[in-house]
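The block underneath contains the structure these notes are about, expressed in structure tokens.
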Amino acid sequence: MEQNFLIYNTLTRHKELFKPLHAPNVGMYVCGPTVYGDAHLGHARPAITFDILFRYLKHQGYKVRYVRNITDVGHLEHDADEGDDKIEKKARLEQLEPMEIAQYYTNRYHDAMEALNVLPPSIEPHATGHIIEQEELVKEILANGYAYESNGSVYFDVVKYDKDHKYGILSGRNLTDMINNSRELNGVSEKHNQVDFALWKKAQPEHIMRWPSPWSVGFPGWHCECTAMGRKYLGSHFDIHGGGMDLVFPHHECEIAQAVASQGDQMVHYWMHNNMITINGQKMGKSLGNFITLEQFFTGNHESLTQAYSPMTIRFFILSAHYRGTVDFSNEALIAAQKGYERLMNGISDIDRIQVSKECDAETDKFVKALRQRCYDAMNDDLQTPLVISYLFEACHLINNLLDHKAQICAECLKELSETMNLFAFDLLGLKSEKGANNDAREEAYGKVVDMVLQLRTKAKTDKDWATSDQIRDALANAGFEVKDTKDGVTWKLNK
């Protein structure tokens, strides 16, 4: 299958034709969670975004090695040099080993990803399992003259690096501005300059998670793990590095500097970043205390929620916006996503109730034959999932017309329609039906009866026998079936 896939490269700030460096193999690294608390909606977006990319590249015929790390030591997360290790802090409070905390929340993260139908990565390395690789990275940077040791800690010399290369190429930041905006040295800092970031930190006596190194007993800086593990599993040059937009600076900027300082050139060809989930216009995250966990969404147990939302509603909500656009949380938006998801699932389910004709009418034939390529064109344009969903909704409109005998479809086109909708809704968008097997069997049996009764109602309406038509509708409602006459035709569902 020849499909030209355009991908937005954050480094160049425009869409580029995807040409993997190791075709037909693709190496993809995505920054995973720091496991000191339950996954929230902000964690779901990158997981789902890169799950879509993973699915689509495999569908295109690439052999993808997808690496997503687990940060199981939270020492310097989102702070270049300072701050408590969040995992250690939680371990002290609960009187547990840090690895107990990390394992518990790793398991919880996996459960949430499974509920969202996110495929597991090819490799899921842990930061604490790759201390040696991180130490080797620091040694290389020191040997090349772009780092210095200070009181048992090692820091990256950003100013020296910027003279030889350029620091800030991903974020577009200027080093002079960063220096002017940084805190002034107070005379006791270990660093030459406040923009320098830690590669290795000497552990204080109270620090639980520590490892021996040539410089001190301590722990690696936050930025080291992804550079070291990406290179170990994907090589010194790989295709895609992804993560949330909040990681562009400093994390991914520092990764680029570490790679160039250690090996002489850039490691990553394409940088991809999903935008944020916001709540009341602010980024949703643990650091701001305004997050809602995925479990709270699934149970409805949060003061900001008016109801529980299923995992597929959450997935549909995220896919309804382009991955580079901001998504603002609201109950209204989630309820709309729930209705949209149900509409799509009902449409796909209703395909089995369509009566086949000997031939298609012209409009149906034209629509069905173009649908698959329209969806491919949307996916090939930097994963335009909202467009794909809109095209599938158009297909649902056609399905309602076919059920209401306002259009005709032949067996060949019906097969194509069914395969296209299943391919994009289930295989590529990763949605799935949330109905139980027993409900499916019951609704299939009921459906045959309801279809027969609705045919009698259609005949009554054709004969202008409004009393019989209303009587059938009311009788079905009393039996637990909701029948609606819409501009797209007649729809029904069994109320739970």
### Task
Go through the residues of the stretch 325-333 one by one and say whether even a single one is over 27 Å from G37 (Cα atoms) and in contact with a helix residue (DSSP H, G or I) (Cβ under 9 Å, 6 or more places away or on another chain).
no
### Message
Tell me the residue from L387, L383 that is closer than 28 Å to P46 by Cα, in a loop (DSSP other than H, G, I, E, B) and within 23 Å of the chain's Cα centre (by Cα), please.
### Response
L383
### Task
Kindly indicate the residue of the stretch 97-123 that is surrounded by fewer than 15 Cβ atoms within 10 Å (Cβ to Cβ) and not in a helix (DSSP H, G or I) and also modelled with the lowest pLDDT among those meeting that condition.
E97
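Every residue, every condition in (1) crowded, with 23+ Cβ neighbours inside 10 Å; (2) touching a helix residue (DSSP H, G or I) at 6+ places or on another chain (Cβ under 8 Å); (3) not small (G, A, S), yes or no:
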| residue | (1), (2), (3) |
| --- | --- |
| I208 | no, yes, yes |
| P212 | no, no, yes |
| P220 | yes, yes, yes |
| A257 | yes, yes, no |
| A261 | yes, yes, no |
| L305 | no, yes, yes |
### Query
Restricting to the stretch 169-180, what's the tally of residues that are surrounded by 18 or more Cβ atoms within 10 Å (Cβ to Cβ) and in contact with a Leu (Cβ under 9 Å, 6 or more places away or on another chain)?
1
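Looking only at the stretch 232-242, count every residue that is in contact (Cβ under 8 Å) with a residue 60 or more places away in the chain and surrounded by fewer than 24 Cβ atoms within 10 Å (Cβ to Cβ) and tell me the total. Talk me through it step by step, then tell me what you get.
Step one: of the stretch 232-242, the residues in contact (Cβ under 8 Å) with a residue 60 or more places away in the chain are 232-235, 237-242.
Checking the rest, the ones that are also surrounded by fewer than 24 Cβ atoms within 10 Å (Cβ to Cβ) come to 232-233, 235, 237.
Qualifying residue count, the stretch 232-242: 4.
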### Query
Has the stretch 123-144 got any residue that is in contact (Cβ under 8 Å) with a residue 60 or more places away in the chain and closer than 30 Å to Y309 by Cβ?
yes
### Task
Among the residues of the stretch 463-479, write down those that are touching a Lys or Arg at 6+ places or on another chain (Cβ under 6 Å) and among the small types (G, A, S).
S469
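Please verify whether the stretch 360-370 includes one or more residues that are surrounded by fewer than 19 Cβ atoms within 10 Å (Cβ to Cβ) and of a type in the set (S, T, N, Q). So that I can check it myself, show each step before the final result.
Here is the first cut: in the stretch 360-370, the residues surrounded by fewer than 19 Cβ atoms within 10 Å (Cβ to Cβ) are 361-363, 365-366, 369-370.
Subset that is of a type in the set (S, T, N, Q): none.
Scanning the stretch 360-370, I find no residue that is surrounded by fewer than 19 Cβ atoms within 10 Å (Cβ to Cβ) and of a type in the set (S, T, N, Q), so the answer is no.
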### Message
Looking at the stretch 258-269, I want the residues that are farther than 18 Å from V154 by Cβ and have a partner that is of a type in the set (F, W, Y) with Cβ atoms under 9 Å, at least 6 apart or on another chain. Which pairs are those?
### Response
M267/F238; V268/Y29; V268/F238; H269/F238
### Message
Among the listed residues I351, I318, I335, identify the single one that is under 19 Å from the mean Cα position of the chain (by Cα) and surrounded by 15 or more Cβ atoms within 10 Å (Cβ to Cβ).
### Response
I318
### Query
Of everything in the stretch 1-46 that's in a loop (DSSP other than H, G, I, E, B), among the hydroxyl-bearing types (S, T, Y) and in contact (Cβ under 8 Å) with a residue 24 or more places away in the chain, which residue is surrounded by the most Cβ atoms within 10 Å (Cβ to Cβ)?
Y36
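Per-residue answers, yes or no, for (1) more than 16 Å from G42 (Cα to Cα); (2) of a type in the set (F, W, Y); (3) modelled with pLDDT of 95 or more:
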residue: M229; (1), (2), (3): yes, no, yes
residue: L234; (1), (2), (3): yes, no, yes
residue: G244; (1), (2), (3): no, no, yes
residue: Q263; (1), (2), (3): yes, no, yes
residue: F298; (1), (2), (3): no, yes, yes
residue: A308; (1), (2), (3): yes, no, yes
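Looking only at the stretch 36-59, filter to residues that are aliphatic (A, V, I, L, M) and in contact with a strand residue (DSSP E or B) (Cβ under 6 Å, 6 or more places away or on another chain); which one of those is modelled with the lowest pLDDT? Steps first, please.
The first filter runs over the stretch 36-59 and keeps only residues aliphatic (A, V, I, L, M), leaving 39, 41, 44, 47-48, 52-53, 57.
Keeping just the survivors that are in contact with a strand residue (DSSP E or B) (Cβ under 6 Å, 6 or more places away or on another chain) gives 41, 57.
Details: L41: 92, L57: 97.
Among those residues, the one meeting the criterion is L41.
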### Message
Looking at the stretch 228-251 only, could you name the residues that are within 18 Å of the chain's Cα centre (by Cα) and closer than 26 Å to F291 by Cα?
### Response
H241, G242, G243, G244, M245, D246, L247, V248
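Do the conditions hold for T364, that is, is it farther than 28 Å from L41 by Cβ and not small (G, A, S)? Even if it seems obvious, please write down each step before you answer.
Values: farther than 28 Å from L41 by Cβ: yes; not small (G, A, S): yes.
For T364, the condition - farther than 28 Å from L41 by Cβ and not small (G, A, S) - is met.
The values are calculated or read from the model by the stated rules, or taken from the named source; none is laboratory data. If you're wondering where the values come from, they're calculated on a predicted model, not measured in any experiment. Heads up, the Cβs are rebuilt from the backbone with ideal geometry, glycines too, and the neighbour counts pull from every protein chain shown.
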